[in-house]
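The values are calculated or read from the model by the stated rules, or taken from the named source; none is laboratory data. Only a predicted model underlies this, so the values are computations on that prediction, with no experimental measurement involved. Here the Cβ positions follow ideal geometry from the backbone for every residue, glycine too, while neighbour counts run over all protein chains shown. Surface accessibility is based on the protein's heavy atoms, side chains included, excluding ligands, DNA and RNA. Shrake-Rupley method; radii C 1.70, N 1.55, O 1.52, S 1.80 Å.
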Amino acid sequence: MPDLADTMDQRKASESEDKNMRRFLVAIVAFIWSVSAIADEFKHGTPESAGMSSERLERVTDVMQSYIDRGYVPGIHVLVARRGVIVYDNAIGTRGKDDDRPLEKDALYRIYSMTKPITAVAAMQLYEQGKFKLDSPVAEFISEFGELKVHAGDEEPVPVNRPMNMRHLLTHTAGLGYGLGNRHPVDRLFRQNRVLGSTDLDEMIGKMKEIPLKFQPGDRWDYSAAVDVTGLVVQRLSGQSFNEYLEEHIFAPLRMDDTFFEIPEDKHDRLLPVHNWSRQESGAIVMRPNQPTDYRNVTMFSGGGGLISTGMDYLRFAEALRRGGELEGSRIIGRKTIEYMTQNHLPATLPGAGTGDNPTAAATRAQQSSFGFGLGFGINTNPMADGNLSSRGEFNWGGAAGTVFWVDPEEELVVVGLIQLMGGGILRLGTNLKVAVLQAITD
């Protein structure tokens, strides 16, 4: 019969070996995780490491310099990433027409409607949590929209024939106005009532409910204030103010430290001046007067156009989308959700009314046939009809001051181009950059 003391010693030795083995396995796992994390880090690398040519990428610089040489913009920042490697990051020119300091890469830009894809992702995070369905009536969350009516020309407005739902909001088919022009009576009412100049989102919706829709929900595509309403939906469903929600659920996880509605005082000097396009001065750039906000003491958190950001911050957001909703270990949304959002949700028979801030907005009807819209993104549905070097399934959007971005899943590519020129869409920055970037791919 074995000695009890020997048995106890053997058991202790065995337990010690088990502990050591567990520690060893934990160390191995930690090492593998750390190596994986380093390998997965989103960082700069050579174009050749990502299947692109350094020499041919210099054509991007040529495009940028041509915009500056012709006096179109004082400065421009372009970033390109492929296969998770930042292969081009160049800021050239000056901060502004009246500010000849060199343009820095950490400059702050008004991204205007490039806020919209961020708002759409925020909403779909709540969709994933079962907070709403795409066919959920908006009035379930925005009680002010309980009795909507539709503009009927010279006649009295008529009741809606179907409820406005969340899909309508996310695809710009809700029938809402925007106030960007004066052609439609509804847009004129948006301007007269300063809907987007409201103190906060609750005041905004109070003004909106008194204005009829331009058309029955779902009847057509028309760029609108629907994404600002989406921001209010996020605010009410989450129980957080919209700005706090974005900070906690998107900006902090993705380390977007320079993206906000209100600029911290110690970063205010990095905000670039915004310019106007002047035909009278033969295309010269003039300072835009009377900016509606200096981004201090902000209370109106516009999901359609209120954010300030940097090139690198927006590249991180776009790269997270390309990777299926995750960046450097932080997941903000599911892969299938992003894939669903970036499909064309517009029926082929649905008429449209322009392409808003689409950076690849086309002039001809044939080219417009390449434009689709997902849940928060413009979608390239037909590269041949687009009439420009591009990929099917590319998703994108732009901003009123000429900023552009696109994600090309087929080529594992992300591009961000930043200027500060109101009416900058006339320059077709996205179109010209696309050729310069795509021609540099070598595999």
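Pop out the carbon and sulfur fraction of the accessible area of the chain as a percent, whole number, probe 1.4 Å.
Of all accessible area on the chain, carbon and sulfur atoms account for 50 percent.
Once the dipole of the stretch 193-251 is set up with Lys and Arg at +1 and Asp and Glu at -1 on Cβ about the Cα centre, which of 234, 224, 250 lies farthest towards its positive end?
Going by the charge dipole, the pick is 224.
Please identify the chymotrypsin sites (Phe, Trp or Tyr not before Pro) of the stretch 135-210 that satisfy two criteria: DSSP loop assignment and at most 14 other Cβ atoms within 10 Å. Which are they?
Hits after loop and neighbour filter: nothing returned.
So if I take the centroid of the Cα atoms in the stretch 104-169 and the same for the stretch 305-337, what is the distance between those two points in Å?
The distance from the Cα centre of the stretch 104-169 to that of the stretch 305-337 comes to 21 Å.
Which residue, 112, 88, 340, has the most motion in a Gaussian network model of the chain that connects Cα atoms within less than 10 Å?
In the Gaussian network model the winner is 340.
Towards the positive end of the charge dipole of the stretch 72-148, with charges on Cβ (+1 Lys, Arg; -1 Asp, Glu), say which of 124, 134, 91 has the farthest Cα.
Most positive-ward Cα: 91.
Per residue of the stretch 405-422, in order, report the coupling 6.51 cos²θ - 1.76 cosθ + 1.60 (Karplus, θ = phi - 60°) as ³J(HN,Hα) in whole Hz, putting x for Gly and Pro.
The phi angles translate into 8, 8, 10, 10, x, 4, 9, 6, 10, 9, 9, 10, x, 10, 9, 10, 9, 5 Hz.
Would you be so kind as to identify which of 197, 175, 163 lies farthest towards the positive end of the dipole of the stretch 154-234, taking Lys and Arg as +1 and Asp and Glu as -1 on Cβ and the Cα centre as origin?
Checked the options; the winner is 175.
Determine the sum of side-chain charges near residue 408: Lys and Arg each +1, Asp and Glu each -1, restricted to other residues whose C-beta is under 11 angstrom from that of residue 408.
Every neighbour counted, the sum reads 0.
Return the distance in nm (one decimal) between the two label points of a simple spin-label model at residue 41 and residue 280, each offset 7 Å from Cα along Cα→Cβ.
In this crude label model, residue 41 to residue 280 measures out at 5.3 nm.
What are the ³J(HN,Hα) couplings of the stretch 98-114, residue after residue, when phi is run through the Karplus curve with 6.51, -1.76, 1.60 and θ = phi - 60°? Round to Hz, x for glycine and proline.
Ordered by residue, 3J(HN,Hα) equals 9, 9, 8, 5, x, 5, 9, 6, 9, 4, 9, 10, 6, 8, 6, 6, 6 Hz.
Where the only charges are on Cβ atoms (+1 Lys, Arg; -1 Asp, Glu), what is the dipole of the chain about its Cα centre, to the nearest 20 debye?
Here the size comes out at about 1060 debye.
How big is the dipole moment of the stretch 201-283 about its Cα centre under a simple scheme where the beta carbon of each Lys and Arg is +1, that of each Asp and Glu is -1, and everything else is neutral? Debye, nearest 20, please.
Once rounded to the nearest 20, the dipole reads 480 debye.
What percent does the relative contact order of the chain come to when contacts are Cα pairs within less than 8 Å and at least six residues apart?
It rounds to 21 percent for the chain.
Amide H neighbours of residue 400 under 5 Å, at least 5 residues apart or on other chains, H built in the peptide plane: list them.
Long-range HN contacts for residue 400: 113, 114.
Tally Lys and Arg at +1 and Asp and Glu at -1 over the other residues with C-beta under 13 Å from the C-beta of residue 62: what net charge comes out?
0
Quick one: among 122, 252, 401, which has the greatest mean-square fluctuation in a GNM of the chain with alpha-carbon springs under 10 angstrom?
For the chain, modelled as a Gaussian network with Cα springs under 10 Å, the answer is 252.
Tell me which residues come under 5 Å, amide H to amide H, from residue 213 once H is placed; ignore anything under 5 positions away on its chain.
Those qualifying (amide H under 5 Å, at least 5 residues apart or on another chain) are 149, 150, 151.
If exposed GluC sites (Glu not before Pro) are those in a DSSP loop with at most 14 other Cβ within 10 Å, what is the longest stretch of the chain that has none?
Here the longest run is 282-409.
Which whole-angstrom value gives the distance between the alpha carbon centres of the stretch 82-98 and the stretch 383-424?
A separation of 15 Å, based on Cα centres.
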